[in-house]
Each structure stands twice: as C-alpha cells, then as structure tokens.
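The block underneath contains the structure these notes are about, expressed in structure tokens.
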Amino acid sequence: MGERCLSFGAPRLGSGYNSYWQIVQSKETVVIYQEMAHDARIIPIVEKPHAPAAVKLWHGDSRGWWEGDTLVIETTNYSDASSTSPATDMKTNVERLTRISDTALQYQLTSNDPGQFSAPYTREIIFDFTPDKIYEYACHEGNYGMYNILSGHRAEERMAAQNQDKD
C-alpha cells in the first residue's frame, strides 16, 4: 500500500524522514497521527471490546488503557493488505507510551505472532519533542510508478489485441 501512497503501516517507527507523530487525547480516545502518509489511528480508551475476529483493518483494531503514567495500546485484527510486516491471524501488538521528561516520550512495541515468529520481540525508541509543524506529505509528487505500471499494462493489452486480430 505504500507504493500507492495509501498507508505505510502503523505503527511506523522510521526516523529522520517524515517521522513526526502528533498525539491528541480526548476523554474517550487517543489519536496518533503519523506524518508519513498522514496515517491516523483513533484508539478508544474506554472499556470497549475488540471488533469481531472477522473484521480486519489496515492498522488493526486498537484498544487503549492507562497503567499509571503509561498508555498501553493492544492491537489485533490486522488485514492481509496491511503494510506492516507479514502476519497471521494470531498477530497482536502491544504498545507502551510513557512520558519520561518534559521533552521525551518512551515508546515500546512488542509484537507477538506465534504463527510467524518463535517468540515475541520488542522494539523501543525515544521520541523527542519538537515545536516544528507537520507539513503535508505529498506522496505522488514526482511519483511515476503508478503511471509506468498502467502504461506497461496498456501496452500489453494492445499487443494482446494485435495478436488476437492475427488469429
């Protein structure tokens, strides 16, 4: 989905290029907005069951709760079309976000997919606060991939039609 600029997967832990996050909390939800492709996840932080297992979503189905000063987010129900790493129906991510200073947020992600990996694995990154703005992410600017893919397919269609006319 990244090549079509629809989504680059969530959570995205890249650094440097388009790596800003904006986190907004209301009474019932937390929104994590990622600069890359403007992916936004709306995470309920009220008691609410996960969607039925048959409901698959690009970014999975997330539920959040507070453990002291740490926001814990559990995500299940990833779609096969998700641009996160390959997964089975057993994949679960648990994210832990803890503010460790006025200018830093500790982010920890534990992925568990017994159908794909022999054990859960954990990644961690410290996000630093920035007063910078999140600018528009214009994925298709200068992106000729889609044009070239379609042009190639149209050429194949013309060749097939010409070959059919010869028969």
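Within segment 127-146, restricting attention to residues that are within 19 Å of the chain's Cα centre (by Cα) and surrounded by 11 or more Cβ atoms within 10 Å (Cβ to Cβ), the residue that is modelled with the lowest pLDDT is H140. Elements of the type strands (runs of 3 or more DSSP E) sitting completely within segment 21-123 and holding at least 1 residues that are closer than 28 Å to E136 by Cα and aromatic (F, W, Y): these cover 21-25, 29-34, 104-112. Taken together, I42, I100 contain a single residue that is under 18 Å from E124 (Cα atoms), modelled with pLDDT of 90 or more and surrounded by fewer than 18 Cβ atoms within 10 Å (Cβ to Cβ), which is I100. If you go through segment 6-19, how many residues are surrounded by 15 or more Cβ atoms within 10 Å (Cβ to Cβ) and either modelled with pLDDT of 90 or more or closer than 16 Å to Y135 by Cα (or both)? Summing the residues that are surrounded by 15 or more Cβ atoms within 10 Å (Cβ to Cβ) and either modelled with pLDDT of 90 or more or closer than 16 Å to Y135 by Cα (or both) in segment 6-19 gives 1.
The values are calculated or read from the model by the stated rules, or taken from the named source; none is laboratory data. Quick caveat, the model's predicted, so the values are computed rather than measured. So basically every Cβ, Gly included, is an ideal-geometry build from the backbone, and we count neighbours across all protein chains shown.
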